[in-house]
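The values are calculated or read from the model by the stated rules, or taken from the named source; none is laboratory data. If you're wondering where the values come from, they're calculated on a predicted model, not measured in any experiment. As a convention, Cβ positions derive from the backbone with ideal geometry for all residues, glycine included, and neighbour counts pool all protein chains shown. Side chains included, ligands, DNA and RNA excluded: accessible areas come from the protein's heavy atoms. Shrake-Rupley method; radii C 1.70, N 1.55, O 1.52, S 1.80 Å.
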Amino acid sequence: MAELSKRQFLKSLAGVTALSVGQWAGLDETLAQSAHIAPATLATDDDFWAKIRAAYPVTSEFIQLENGYYSLAAQPVLDSYLKHIQQINSVSSYYMRTRQFDDKRESQTQLANLLGCSTDELIITRNTTESLDTVIAGLTWKAGDEVIMAQQDYGAMLDMFKLQARRHGIVNRMISIPAHPKSDDEVVRVYENAITPKTRLLMVCHMVNITGHILPIRKITEMAHRHGVEVMVDGAHAFAQLNFKISDLGGCDYYASSLHKWLGTPLGAGILYVRKDKIKGLWPLFADSNFADDDIRKLNHTGTHPVATDLAIQDAVRFHEGIGIERKEARLRYLQRYWTDTIRHHPGIVLNTPEDPARTCAIANVGLEKIAPADLAKTLFSRYKIFTVAIDSPAANVRGIRVTPHIYTTTAELDTFINALKALAA
Ligand SMILES: Cc1ncc(COP(=O)(O)O)c(C=O)c1O
């Protein structure tokens, strides 16, 4: 490539990520006008959030209340992502050989800033599954090593531990998280009671995906560390939904999340944080002898993969920061409380999510005494065009539907849902 066109190309790539959220979505004015308003106050301002919704390509076919699986990328992020795909495609291997790694490093740095860790402690993965499995399969297990996990943890992770039990003879100890704890200590005690001299690792969700229950990670980590037990946090739903930094979590050893859930990246992006002193204890899944044992990049030999997604992370971070995590968290909690407070004591309706606002944010789970979860989800969709997901797990003691609004959800949509639920409960 001639030097001039190479410069032009690099400039055009950089240009895609240089816009502010306001320029993208015409939100400058809205954001500036509301800069002085406290997040909790703004959370109730439907007019403000209608303008944010306008930046998302929300379907008009049905009411989307299953944003926990993955959520919409905002239109400006999507536009930018498509441009990345086109531009990278036009120069293909040239991009891969010149820009790929620097761009990924920049995305990594921006994510590390969001999480409040060093760039040398975080890698970009495809998702939480890959991140957590990198840890679970990367530790050196001995027969008899014990791991603590919960019935309410994510199935794929429980399966991965079952695989280690078959392969290495580790012992998996299951606890059950109290659904409506009176205090943090009640939760911490349940985990602590399962610790034995052989316990090596404790896996815990930052937010339980089926109920939305936020767990006291800092207290659990501090307790586990007092016993010499490492802590691996499944933060699939917490990163970019809750306002926290890694330093708020008591020095947990490993933390993983998916960016397509709450950061609004295109599908297939995640993070793995490994505390600096824990990196050397992990074996990579994919060999890479270019890096020292304590260099986190040894865990990130992905091979050739969709690099436009790595680049779009920067667009998603900019959009997310333009709105602001405090505002986002406050609005999400407001939306959840908007519907749960209305039906909490309604006859025939059972909430499977704690009442304490500090223990929940966007996600909640509700069941009907007389209708099985699968039938409820089906009827809500066929009769009311409301999309949710059924959770029917006797082991986890959760029978209901998971309901997950996002910042583009309107209170009018929630009113439709509330009325539907009341009608079905009757
Ligand atoms: C708690 C929890 N952990 C892990 C995952 C896996 O996420 P992903 O499929 O993005 O890897 C999920 C997905 O919903 C989840 O809810």
Inset, instruction - Could you tell me what percent of the DSSP beta bridges with both partners in segment 100-317 are antiparallel, to the nearest 5? - result: 35 percent
Legend entry - Solvent-accessible area per residue for the chain (1.4 angstrom probe, square angstrom): 43 Å²
Inset, instruction - First check a/c for the chain, with a ≥ b ≥ c the square roots of the eigenvalues of its C-alpha gyration tensor; if it is under 1.5, answer rounded, and if not, answer prolate when a/b is larger than b/c or oblate otherwise. - result: oblate
Inset, instruction - Would you mind working out the magnitude of the charge dipole of segment 287-426 relative to its Cα centre, with +1 at each Lys and Arg C-beta and -1 at each Asp and Glu C-beta, to the nearest 20 Debye? - result: 720 debye
Inset, instruction - Would you work out which of 58, 77, 372 lies farthest towards the positive end of the dipole of the chain, given +1 charges on the beta-carbon of Lys and Arg and -1 on that of Asp and Glu, about the Cα centre? - result: 372
Inset, instruction - Report the charge-dipole magnitude of the chain in Debye, nearest 20, computed about the Cα centre from +1 at each Lys and Arg Cβ and -1 at each Asp and Glu Cβ. - result: 560 debye
Legend entry - Extension reserve of the residue 28-residue 162 stretch, reckoned as 0.36 nm per residue once the Cα distance is removed: 43.2 nm
Legend entry - Given charges at Cβ of Lys, Arg, Asp, Glu: the chain dipole, positive-most of 118, 229, 43: 229
Legend entry - Nonlocal amide H pairs with residue 202, under 5 Å, H built at 1.01 Å: 148, 230, 231, 232
Legend entry - the chain - share of DSSP beta bridges that are antiparallel (%, nearest 5): 50 percent
Legend entry - Low-density loop positions, chymotrypsin sites (Phe, Trp or Tyr not before Pro), segment 231-319 - DSSP coil, at most 15 other Cβ in 10 Å: 286, 291
Inset, instruction - Among the aspartates and glutamates, select those whose C-alpha is under 16 Å from the C-alpha of residue 198, and discard any that sit fewer than 8 residues away in the same chain. - result: 145, 146, 230
Legend entry - Dipole magnitude of segment 100-317 about its Cα centre (Cβ charges: Lys, Arg +1; Asp, Glu -1), debye to nearest 20: 560 debye
Legend entry - Residue pairs, from the table 142/278; 51/104; 104/261; 182/385, whose Cα atoms sit over 25 Å apart: 51/104; 182/385
Inset, instruction - Give me the accessible area of residue 106, 1.4 Å probe, in Å² rounded to the nearest 10. - result: 80 Å²
Inset, instruction - For residue 378, go through the aspartates and glutamates and keep the ones whose alpha-carbon is under 19 Å away, minus same-chain ones fewer than eight residues off. - result: 61, 66, 369, 392, 413, 415
Legend entry - Cleavage-rule hits, trypsin sites (Lys or Arg not before Pro), segment 214-260, DSSP coil, Cβ neighbours within 10 Å at most 16: 245
Inset, instruction - With a 1.4 Å probe and every protein chain kept in, tell me what percent of the accessible surface of segment 100-317 is carbon plus sulfur. - result: 50 percent
Legend entry - Protection-proxy order for peptides 263-271, 153-161, each taking the mean of Cβ atoms within 10 Å per residue, highest first: 263-271, 153-161
Inset, instruction - Answer with one residue from 216, 152, 283: the one whose Cα lies farthest towards the positive end of the charge dipole of the chain, charges on Cβ with Lys, Arg +1 and Asp, Glu -1. - result: 283
